[in-house]
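The values are calculated or read from the model by the stated rules, or taken from the named source; none is laboratory data. The structure displayed is predicted, hence computed values, not measured ones. For accessibility, only protein heavy atoms count, side chains too; no ligands or nucleic acids. Shrake-Rupley method; radii C 1.70, N 1.55, O 1.52, S 1.80 Å.
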Amino acid sequence: MPSAKPQPPWVLAQRQVLGDAIRASREYANLTQDQVALQAGMDRSGLARIELGQRSPTTDTLIRIAAAIGITVSELVRIKG
């Protein structure tokens, strides 16, 4: 099975912008990574990798993260970049 093709730079840049938006929303809500991860049903290191732009979250994960922060998914993904 061939390995997955690397993502183009613009996709990686937008992934980072999304991660930054998640982190900013979490910090604005005065929540720690541990608190959000626990509420979202995931481990803190997974959330950290998403915030750093190292991992792409699934739609279900975005839904859980947004709910844990107390915002809607649409508020979470209104990203600039």
Notebook entry, point to check: How big is the C-alpha Rg of the range 1-45 next to the rule-of-thumb value 2.2 N^0.38 Å, as a ratio?
Noted result: 1.53
Next item on the list: Keeping the other protein chains in place, figure out the carbon and sulfur percent of the accessible area of the range 13-81, with a 1.4 Å probe.
Entry: 51
Item checked: Calculated volume of the Cα convex hull per residue in Å³ (choose from (1) 82; (2) 60; (3) 94), label -> (3)
